[in-house]
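Below: one structure, written as structure tokens.
What follows is calculated from the coordinates using simple rules that are stated; it is not laboratory data. Everything quoted here is computed from the prediction, not taken from an experiment. Virtual Cβ from ideal backbone geometry, glycine too; neighbours counted across all protein chains shown.
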Amino acid sequence: MRKPLIAGNWKMNKTAAEAAAFGEEIRPLVADVEAVEMVICPPFTALHALGARLRGSRIGLGAQNMHEAPHGAYTGEVSAAMLKEAGCGYVILGHSERRRLMGETDEQVNAKVKAALAAGLRPIVCVGESLEQRRAGETEDVVVGQVRAALRDVPQDAAAGIVIAYEPVWAIGTGETPTPDDANQVAAVIRSTLAGLFGEEAAAQVRIQYGGSVNADNIASFAAQPHIDGALVGGASLAPDSFARIVRNTEAILA
Ligand code: PGA
């Protein structure tokens with residue numbers, strides 16, 4: 001059975017002090033949660049402060065991006081080993097904001113995925129279609145292409161540690177979502193793509209999240225879908241109470 005993963009993507013929000021306050025508040029709210037894995041991905045500058053507050057809890061730490069090179073002349077960038085040392089277990093890669101605003105390509109995402117895995121980080125690989133692509137009926141082609149490109153030359157024995165986040169670009173931060181059934185169908189296509197790459201057994205172990213305007217009220221409808229294993233949550237992960245309710249509502253459907 002795949003354990004659902006609820007991951008908070010804070011984007012460029014919260015100072016270290018604000019992250020520390022979140023850490024204090026969230027702990028008692030989810031202290032007894034066992035059936036759902038939790039991770040928070042704050043800005044780099046808050047990793048240390050949040051990590052210190054989460055130590056000994058069941059909430060893991062993740063980053064929102066990294067560079068593919070191990071070290072060197074890449075001003076402003078951070079490597080996988082640096083994230084690992086900072087306490088990260090996960091790293092979000094290929095988020096649509098990075099693809100769109102920072103020009104990140106499929107090739108770069110692929111290099112980052114391989115570098116993350118080599119360093120012992122679990123990548124949360126983001127894929128998803130734009131509104132234009134959805135209207136043109138290209139959703140499945142786009143998503144399959146992104147998955148294949150991101151995972152090119154990834155060794156089969158690393159596959160189970162990968163998380164795919166299906167995030168339709170038009171659903172991010174807009175309050176709009178696909179229907180849970182629609183999202184599940186895309187997740188099913190992603191899983192069969194993974195089966196083609198790594199075999200059925202490995203594909204059955206990969207967690208596929210839904211992301212895009214997830215909140216405490218709609219999480220259950222997505223997490224209840226057979227191919228959806230939790231969510232990547234932006235805005236609704238910023239308040240401890242909201243994040244905790246999303247986790248609890250995910251846990252409730254497993255009972
Ligand atoms: P949102 O963002 O939940 O605020 O829509 C999701 C994401 O970008 O990962």
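If you stretched the chain out fully between L197 and A118, how much longer would it get, using 0.36 nm times the residue separation minus the C-alpha to C-alpha distance?
26.6 nm
Give a residue-ordered list of calculated ³J(HN,Hα) values for the range 187-199 (Karplus: 6.51 cos²θ - 1.76 cosθ + 1.60, θ = phi - 60°; whole Hz; x for Gly, Pro).
Each residue of the range 187-199 in turn: 4, 5, 5, 4, 5, 6, 5, 5, 5, x, 7, 10, x Hz.
Calculate the FRET efficiency for T174 and M102 from the Cβ-Cβ distance with a Förster distance of 22 Å, rounded to the nearest 0.05.
FRET efficiency, T174 to M102: 0.65.
Taking the Cα-to-Cβ direction at F44 and at E138 and moving 7 Å from each Cα, how far apart do the two end points lie in nm?
Using points 7 Å along Cα→Cβ, the separation is 3.2 nm.
So if I restrict to the alpha-carbon atoms in the range 147-193, what is the Rg, and what is Dmax, the biggest pairwise distance, in Å?
Gyration radius and largest Cα-Cα distance of the range 147-193: 12.9, 37 Å.
Roughly speaking, what is the stretch gain from L254 to D182, that is 0.36 nm per residue apart minus the C-alpha to C-alpha distance, in nm to one decimal?
23.8 nm
Between N13 and Q156, with labels modelled 7 Å along Cα→Cβ, what's the label distance in nm to one decimal, could you check?
4.2 nm
Taking the Cα centroid of the range 153-226 and of the range 14-33, what is the distance between the two, rounded to the nearest whole Å?
For the range 153-226 versus the range 14-33, the Cα centre distance is 27 Å.
For Y74 and R58 in the same chain, what is the full-extension length gain: residue separation times 0.36 nm, less their Cα-Cα distance, in nm?
2.4 nm
Hand me the trypsin sites (Lys or Arg not before Pro) from the range 48-123 located in a DSSP loop with no more than 13 other Cβ atoms within 10 Å, in residue order please.
Within the range 48-123, the qualifying trypsin sites (Lys or Arg not before Pro) (loop, at most 13 other Cβ atoms within 10 Å) are R55.
What residues qualify as long-range amide H neighbours of S130, i.e. H under 5 Å apart, gap of 5 or more or another chain, H built at 1.01 Å from N?
Under 5 Å from the amide H of S130: V169.
Whose amide H sits under 5 Å from the amide H of V214, counting only residues 5 or more places off or on another chain, with H placed in the peptide plane?
Answer set, sorted by chain and number: G234.
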